[in-house]
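A.B. asks: Please see the structure below; I have some questions.
The values are calculated or read from the model by the stated rules, or taken from the named source; none is laboratory data. Remember, it's a predicted structure, so these values are computed and weren't measured experimentally. Reconstructed Cβ throughout: ideal geometry from the backbone, glycine too, with neighbour counts over all protein chains shown. Please note that ligands, DNA and RNA were not included when accessible areas were found on the heavy atoms of the full protein model with its side chains. Shrake-Rupley method; radii C 1.70, N 1.55, O 1.52, S 1.80 Å.
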Amino acid sequence: MEPVRIVIADSNELIREGLKSVFAQEDSVEVVGEVDNGSALVRLFSEWKPDVVLIDYMATSFRTEDIKALHNIYPDKKFVAITEFAKKNLIQRALEAGISGHVLKSCSKAEIVDSINETHLGKQFFCGKILNELDDQEIKTGQLSCDPISLSSREIEIIREIAQGKTNKQIAEELHLSAHTVMTHRKNIMNKLGINNTAGIVIYAVRENLILPNRYLFNS
């Protein structure tokens, strides 16, 4: 399987070097370019042809307009925002500009890599702090349709684990993920399914034949 081609767009050289170091350890991701300003990103985009752009639109020399311009020209390309902090109004502007995912620089390495891989597959990916900053309805607004619910293979895997009564920590240890990443997947799953508790996940798993009813032990 070909690695996901990404461009790192951040005005801070140390941040770019740190992210390149993270991705150098991942076979699933290949850094094909880096830029420190929006003009360079727009100018060099057609040359690099990245699958995903990891961009700090809050950094100096970048704007959400850069994302919007490129998204209009290359609608099949994905954009993942990575910022120092979360501000609701700025996140909403980035969503409207065309980002498919949003993580913070304080997130774990595994979660940042997951954000790249999941958005490349056409999924939305938001870390837990971003989800907490946004109202549930705001994230759901862009997803309402008559289409079937789209769950990633990782989300289905986690649903099966949750339905067997396992905690976030247990799931993290079994799947070699951070507990924070599992928590984020859990929130994304509940958001997609329109439910707000574990029982709802179990019912969904049984209804969709993701797990047999007798595999889950209900406590009296």
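A.B. asks: Anything in the range 3-15 that is open to solvent by 30 Å² or more (accessible area, probe 1.4 Å) and either part of a helix (DSSP H, G or I) or of a type in the set (D, E, K, R) (or both)? List them, or say none. Explain how you work it out, then say what you get.
C.D. replies: Quick first cut of the range 3-15, residues open to solvent by 30 Å² or more (accessible area, probe 1.4 Å) only: 3, 5, 11-15.
Result: R5, E13, L14, I15.
A.B. asks: Can you tell me how many residues within the range 40-67 are polar (S, T, N, Q), on the phi < 0 side of the Ramachandran plot and touching a residue at least 24 places away in the same chain (Cβ under 8 Å)? First the steps, then the outcome.
C.D. replies: From the range 40-67, those polar (S, T, N, Q) are 46, 60-61, 64; that's our starting set.
Add one more test, that the residue is on the phi < 0 side of the Ramachandran plot, and what stays is 46, 60, 64.
Restricting the remaining residues to those that are touching a residue at least 24 places away in the same chain (Cβ under 8 Å) gives 60, 64.
Final tally of qualifying residues: 2.
A.B. asks: Kindly indicate the residue of the range 25-35 that is at pLDDT 95 or above and either among the acidic types (D, E) or assigned to a helix (DSSP H, G or I) (or both) and also surrounded by the most Cβ atoms within 10 Å (Cβ to Cβ) among those meeting that condition. Give the derivation first.
C.D. replies: Start the filter on the range 25-35 by keeping residues that are at pLDDT 95 or above, which leaves 29-35.
Checking which are either among the acidic types (D, E) or assigned to a helix (DSSP H, G or I) (or both) leaves us with 30, 34.
On the way: E30: 15, E34: 20.
Per the stated criteria, the residue is E34.
A.B. asks: If a residue must be under 18 Å from the mean Cα position of the chain (by Cα) and either in a loop (DSSP other than H, G, I, E, B) or at pLDDT 95 or above (or both), how many such residues does the range 59-77 contain?
C.D. replies: Qualifying residue count for the region: 3.
A.B. asks: Something else about it: Among the listed residues G101, G128, G38, identify the single one that is in contact with an Asp or Glu (Cβ under 6 Å, 6 or more places away or on another chain) and open to solvent by less than 20 Å² (accessible area, probe 1.4 Å). Talk me through it step by step, then tell me what you get.
C.D. replies: Working: G101 fails: in contact with an Asp or Glu (Cβ under 6 Å, 6 or more places away or on another chain); G128 fails: in contact with an Asp or Glu (Cβ under 6 Å, 6 or more places away or on another chain).
Of G101, G128, G38, the one residue that is in contact with an Asp or Glu (Cβ under 6 Å, 6 or more places away or on another chain) and open to solvent by less than 20 Å² (accessible area, probe 1.4 Å) is G38.
Every residue, every condition in (1) β-branched (V, I, T); (2) at pLDDT below 85; (3) surrounded by fewer than 18 Cβ atoms within 10 Å (Cβ to Cβ); (4) in contact with a Gly (Cβ under 8 Å, 6 or more places away or on another chain), yes or no:
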residue: S115; (1), (2), (3), (4): no, no, no, yes
residue: S153; (1), (2), (3), (4): no, yes, yes, no
residue: A179; (1), (2), (3), (4): no, yes, yes, no
residue: H185; (1), (2), (3), (4): no, no, no, no
residue: P213; (1), (2), (3), (4): no, yes, yes, no
